[in-house]
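Student: This is the structure I have questions about; it appears just below.
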Amino acid sequence: MAARLLIVDDHPVVRAGLRTFLDLQDDLRVAAEAGSLAEARTAAAEQPFDVVLLDLQLPDGSGLSLLPELAQGPGSPRVLVLTSFLDEGQVREAMRRGAAGFLLKHAGPTALLDKIRAALRGELPLDPGAVRALVHPREDPLAELTTREREVLAAIAAGLSNKRIAARLGITEKTVKTHAGHVFAKLGVHDRVQAALLARDLGL
């Protein structure tokens, strides 16, 4: 019998993409979707699941608050955190609250399937970046940034374009792009959206 999955993510396109892909697998079936903490609680109360794919950024709060409820709920499903970026503090807190794994949304389809199936086998699937965060924790993810890189990150988090950042800081757009590239590499993010979300979570 196919394993029953619950997808918890506030982006309908992400949910639809995951559902389409996962439902093609003979051993997996998306039984329900939720776009918020409230919807996830309702879904979990209505039926048991084998695996929950849980985003942490939800409109009515952090998915972290839902982790213990899901992991200890009916059927004790394996809860895999599925997020856009890695933050060491979130990785540790998610694992402390009962997460069965920590995955990145940009992981390839094969990697996602492998980790879902590993979770169903009782293993602990972690993105390599999550493993590094647990083994080599950083007290402050922003500590590696220079003053200028922090300024660029703050401007990105404020939604400014490279042109506006350049004008604000009195540097060229090319220099802004260079600083942004350094920021992304140091923080382990892949684009401006991930950088902005991380900056917000870190209170920058």
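Student: Take every DSSP beta bridge with both residues inside the chain and express the antiparallel ones as a percent of the total, to the nearest 5.
Tutor: Close to 10 percent.
Student: Sticking with this one: Rounded to the nearest 500, what is the 222 nm mean residue ellipticity of the chain from helices alone, with -39500 (n - 2.57) per DSSP H run of 4+ residues and division by all residues?
Tutor: Dividing the helical sum by the residues of the chain leaves -14000 deg cm²/dmol.
Student: Rounding to the nearest 10 and keeping the result within 0 to 90°, find how far the Cα-based axis of helix 173-187 lies from the longest principal axis of the chain.
Tutor: So the inclination is approximately 40 degrees.
Student: Taking every eigenvalue of the Cα gyration tensor of the range 147-201, multiplying by 5 and rooting it, what semi-axes result, largest first, whole Å?
Tutor: 17, 11, 9
Student: Straight-line reach from Lys105: which aspartates and glutamates have a Cα under 16 Å away, not including same-chain ones fewer than 8 places off?
Tutor: List returned: Asp9, Asp10, Asp55, Asp87, Asp114, Asp127, Asp191.
Student: Could you list Ile171, Ile116 in order of exposure, starting from the residue whose Cβ has the fewest other Cβ atoms within 10 Å?
Tutor: Going from least to most buried by this count: Ile171, Ile116.
Student: While we're here: For the chain, set up a Gaussian network in which alpha carbons nearer than 10 Å are linked by springs, and say which option among Ala118, Ala40, Ala143 fluctuates the most.
Tutor: Ala143
Student: Straight-line reach from Lys174: which lysines fall under 24 Å, measuring Cα to Cα and dropping same-chain residues less than 8 apart?
Tutor: Of all the lysines, those that pass the test against Lys174 - Cα under 24 Å, at least 8 places apart if same chain - are Lys163, Lys186.
Student: Local charge sum around Asp191 (other residues, Cβ-Cβ under 13 Å, Lys/Arg +1, Asp/Glu -1)?
Tutor: Around Asp191, the surrounding residues sum to +3.
Student: Oh, and also: To make sure I understand, if each residue's beta carbon is the centre and we count other beta carbons within 10 Å, what order do Leu187, Leu160 fall in, fewest to most? Could the numbers behind the result be given before it?
Tutor: Numbers: Leu187 23, Leu160 17.
By the 10 Å Cβ count, ascending, the order reads Leu160, Leu187.
Coordinate-derived values only; no laboratory data. In this text, all values refer to a predicted model and were calculated from it rather than measured experimentally. Neighbour counts run over all protein chains shown; Cβ positions are idealised from the backbone, glycine included.
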